[in-house]
């Protein structure tokens, strides 16, 4: 073997060794994935379920100026006309408004409770002109 061939052989062997090590590692568990920074609205991302009826809010992202990429399911998919989060100190307030189907003008006004990982607040059913105390659990 020439020195040039030996060098190539070593490079190929090292490349295969590193690639093998990378592929043999299991993906990180949920506990190993970094949690959102404290005070970050990213903690709101995910699926939220209202236990009293199975209604769901799915928050896929938090955009500029607090705009939420969120969808409502009851059980079919309904878009929010407005989906916004604001922050006062450590408290996140979410305001969601529906205009689709029989929900024209119905709103959720929710606060995030970090100790219980819940969204808690009121639901205003505009058609019936009634307010309900509600909460959502994070799934």
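The values are calculated or read from the model by the stated rules, or taken from the named source; none is laboratory data. As the structure is a computational prediction, the values presented were derived from the model and not from experiment. Reconstructed Cβ throughout: ideal geometry from the backbone, glycine too, with neighbour counts over all protein chains shown.
Tabulated results
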| item | result |
| --- | --- |
| Number of positions in segment 107-116 that are exposed (fewer than 13 other Cβ atoms within 10 Å of the Cβ) and either in contact with a strand residue (DSSP E or B) (Cβ under 7 Å, 6 or more places away or on another chain) or in a strand (DSSP E or B) (or both) | 0 |
| Among the candidates 119, 98, residue that is crowded, with 16+ Cβ neighbours inside 10 Å and in contact (Cβ under 8 Å) with a residue 60 or more places away in the chain | 119 |
| Pick from segment 34-70, criterion in a helix (DSSP H, G or I) and touching a helix residue (DSSP H, G or I) at 6+ places or on another chain (Cβ under 8 Å), ranking: modelled with the lowest pLDDT | 41 |
| Filtered residues of segment 130-139 (kept if surrounded by 13 or more Cβ atoms within 10 Å (Cβ to Cβ) and more than 22 Å from residue 104 (Cα to Cα)) | 137, 138 |
| So residue 127, is it surrounded by 14 or more Cβ atoms within 10 Å (Cβ to Cβ) and either over 19 Å from residue 49 (Cβ atoms) or in contact with a strand residue (DSSP E or B) (Cβ under 6 Å, 6 or more places away or on another chain) (or both) | no |
